[in-house]
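Colleague: Okay, here's the structure, questions in a sec.
The values are calculated or read from the model by the stated rules, or taken from the named source; none is laboratory data. These numbers were taken from a predicted model, which means no experiment stands behind them. Heads up, the Cβs are rebuilt from the backbone with ideal geometry, glycines too, and the neighbour counts pull from every protein chain shown. These accessible areas exclude ligands, DNA and RNA; they are computed on the full protein's heavy atoms, side chains included. Shrake-Rupley method; radii C 1.70, N 1.55, O 1.52, S 1.80 Å.
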Amino acid sequence: MYRALYRKWRPKTFDEVVGQQHITETLKNQIVTGRLSHAYLFIGTRGTGKTTCAKILAKAVNCEHPENGNPCGKCPACLGIEDGSIMDVVEIDAASNNSVDNVRQLREEAVFSPVSVKKRVYIIDEVHMLSTSAFNALLKILEEPPEHLMFILATTELNKVPATILSRCQRHSFKRLDTQLIASHLEHIAKCESLNLEPDAAMLIAGLAEGGMRDALSLLDQCSGSTDINTDAVYAVMGLTGNRRTAQLLDMTVRKNTDDALKLFTSLWNDGKDPATLLYELNTLLRDCLMLCVAPRSGADLISGRFSRDILSSFCKKLTKAELINRINTVSEHIAMMRDSKSAKLTAELCIIELCDPKLTEGIDELRARISRLEEDMKNAPRTVVKAESPVSDDDEEEFHSTLDEAMYDEEPPAQHEEPAGEPDELDPADFAEYQPEDDLLDKKSPASLNPDAPPEAENAPQDAQALQNAILEKAEELLPFSVMTILTNPLQARFSVSYDTLSLEAVPGFAYNALNNQNILMRLREAAGAVTGRSLKITLTELLPDSDKPKRDIEELRKFKETRFV
């Protein structure tokens, strides 16, 4: 009768356990020296060897001829424990025997001495599933067990085990196995089973196992029906999309090619690919790209190994870290939505559409991604220095506005005051002009007299304050993002006024103030105001106290007077 690979190749001794030497060597030394604990707690994810080591330990403590801490596997005790004929070694599934009555029955049986072996061993798997009452019933016998009794507890969720149980056990943590280690072991088993397993397919299976040897053997067993087990065979058996088509789909979303991306998804859907699996692969690709971006030197040890480094490097150049995080969050949200959705296909299509056009769901992550993209473009954009003497044509001005989102504003150097023509020692008569109070009135009436080099007033500049503000906002719409214009046009969030040489801007503390407190935004608003007024304005930004707070403050001040009554 055929046995599954993970059962057939289950380790029989500590030396056969793969990747857990820090635990197996400790247990072997304890058996050799006889310094055994009465209770052990094995912790780790699924398929890492917890139950296997528990059974090996049960055989080793009862073995008649142990070999360097390993059970011999030949004596009656080892053979009886292996085939389950010895009743003194009991394996209990706490998921189905989690009541206090089950633990009480265990306590009643545990006091009896073993019949055919030296120690009675109870292996309780998934011990975190026991109820609170069951844990309390287990405490006393776990703290002071008889000399012939040993407990081996195994769990995947340490946080659910009470501290009173933890303090009475010797803990051993099983780690996830390395991908290369799993792949090497799979190649060894495939050779023994006469399976033609390619190294790339072994690495792919090891990556899909996520550190669990049992899962890796189950996947290999599932793929054993193919004559040649290569990556394509693994993808076909597992129903996976494949790294090439997954990378192609991500590239289409990066280029915002929604039409081709949906067509590719439809072809994958017709081929029988699961939408949830497709999104999971897409998230794995994005996660690998992010790991390579944040850790370029040690990224090879962090990535899953499903995609080549060249593919990951190409996407790292196209996407910023914030954009990668935003896309990972988007895909993760849609994977979670699939659990409650009646149409997994529709959910996957919505996810692809949002990846192609992130502006559809504008949030904090999307805004961070857009800001990071602007910063990246500004960093890579060439800077052009415009000489003050060269005239600026209309075409140059249009080109400047078209590249406004790609280049940063550079402060113009201070104007160099040229020496007046004439003799070097000749003095300007204006330096000796006597100050008259009437000069201030003339200056107020004629601003150009204060600064002869200032630009002339705009001919069609509105004179009314409200009309001037509307004109500035209308001009600013061409330069500022929609989110900033939403704040500027809302009087509850921001207000501004224009004097002769200053644009005073007030914003409500918090999101509105932080959105406007940006040099690029302020310079654009200053440019819009200068285009309308024809003057070079200074700009100031202060915090605005909302009007809704003023009545509250006035009422609080009135409450100080005892004669005041509020109805």
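Colleague: Per 10 Å bin, what is the whole-percent P(r) computed from every C-alpha pair distance within the range 28-145?
Modeller: Histogram of Cα-Cα distances, whole percents per bin: 13, 41, 37, 9, 0.
Colleague: Moving on to the next point. So, R0 is 30 Å and r is the distance between the beta-carbons of SER504 and ILE371; what FRET efficiency does that work out to, to 0.05?
Modeller: 0.70
Colleague: Another one. Amide H neighbours of ILE124 under 5 Å, counting only residues 5+ apart in sequence or on other chains, H built in-plane at 1.01 Å?
Modeller: Under 5 Å from the amide H of ILE124 lie the amide H atoms of ILE92, ILE152, LEU153, ALA154, each far enough along the sequence or on another chain.
Colleague: Per-residue accessible area for TRP9 at 1.4 Å probe radius, Å² rounded to 10?
Modeller: Probe radius 1.4 Å; accessible area of TRP9 about 80 Å².
Colleague: A further question on this structure: Excluding ligands, DNA and RNA, what is the solvent-accessible area per residue of the range 133-208 at a probe of 1.4 Å, expressed in Å²?
Modeller: 48 Å²
Colleague: So how do 272-283, 85-96 stack up, highest first, on mean other-Cβ count within 10 Å?
Modeller: 272-283, 85-96
Colleague: Using a 1.4 Å probe on the protein heavy atoms, what percent of the accessible area of the range 494-539 belongs to carbon and sulfur?
Modeller: Heavy-atom surface of the range 494-539 belonging to carbon and sulfur, 1.4 Å probe: 49 percent.
Colleague: In bins 5 Å wide, starting from 0, what share of all Cα pairs of the range 96-161 does each bin hold, as a percent?
Modeller: Here the calculated profile for the range 96-161 is 4, 17, 27, 27, 16, 7, 2, 0.
Colleague: Shape of the range 250-354 from its Cα gyration tensor (a ≥ b ≥ c, root eigenvalues): rounded if a/c is under 1.5, otherwise prolate when a/b > b/c, or oblate?
Modeller: prolate
Colleague: State the volume of the convex hull built on the alpha-carbon positions of the range 211-295, expressed per residue in Å³ and rounded to an integer.
Modeller: Considering the Cα atoms of the range 211-295, their hull volume per residue is 114 Å³.
Colleague: Tell me, what HN-Hα J-couplings in whole Hz come from the Karplus equation 6.51 cos²θ - 1.76 cosθ + 1.60 at θ = phi - 60° for each residue of the range 524-531, using x for Gly and Pro?
Modeller: These are the phi-based 3J(HN,Hα) values: 5, 5, 5, 5, 5, 5, x, 5 Hz.
Colleague: I would also like to ask the following. Between the range 461-526 and the range 170-248, how many Å separate their Cα centres?
Modeller: Using only Cα atoms to place each centre, the spacing works out to 60 Å.
Colleague: Quick one: which residues, 5 or more positions from ALA39 or on another chain, have an amide H under 5 Å from its amide H? H modelled 1.01 Å from N in the peptide plane, none for Pro or chain starts.
Modeller: Placed amide hydrogens put PHE151, GLN170 under 5 Å from ALA39.
Colleague: Can you run phi through the Karplus equation (6.51, -1.76, 1.60; θ = phi - 60°) for the range 80-96 and list ³J(HN,Hα) in whole Hz, with x for Gly and Pro?
Modeller: Values, residue by residue: x, 5, 5, 8, x, 7, 8, 7, 7, 10, 10, 10, 10, 8, 5, 5, 10 Hz.
Colleague: Also, I was wondering about something else. Give the span of the range 10-73's Cα atoms along each principal axis, as three whole-Å numbers ordered largest to smallest.
Modeller: Taking the Cα atoms of the range 10-73, the three principal extents are 31, 23, 17 Å.
Colleague: About the Cα centre of the range 195-236, what is the dipole size in debye to 20, counting +1 per Lys and Arg Cβ and -1 per Asp and Glu Cβ, all else neutral?
Modeller: Magnitude of the dipole: close to 120 debye.
Colleague: Right, another one. What value does the range 125-173 have for Rg/Rh, both radii from Cα atoms and Rh as Kirkwood defines it?
Modeller: A ratio of 0.93.
Colleague: R0 = 51 Å: FRET efficiency of THR33 with TYR2, Cβ-based, nearest 0.05?
Modeller: After rounding, the FRET efficiency stands at 0.80.
Colleague: Provide the net charge surrounding ASP221, with neighbours chosen by a C-beta distance below 12 Å and charges set as Lys +1, Arg +1, Asp -1, Glu -1.
Modeller: Neighbour charge sum, excluding ASP221 itself: +2.
Colleague: Between ILE353 and SER113, with labels modelled 7 Å along Cα→Cβ, what's the label distance in nm to one decimal, could you check?
Modeller: 7.7 nm
Colleague: Follow-up question, since we're still on this one. Looking at the square roots a ≥ b ≥ c of the eigenvalues of the Cα gyration tensor of the range 153-204, which shape do they give, rounded for a/c under 1.5, prolate if a/b is larger than b/c, or oblate?
Modeller: Prolate, because a/c is 1.5 or more and a/b exceeds b/c.
Colleague: Okay, moving on. Given +1 on the Cβ of Lys and Arg, -1 on the Cβ of Asp and Glu, and no further charges, what dipole in debye does the range 134-175 carry about its Cα centre, rounded to the nearest 20?
Modeller: Charge dipole of the range 134-175: 200 debye, to the nearest 20.
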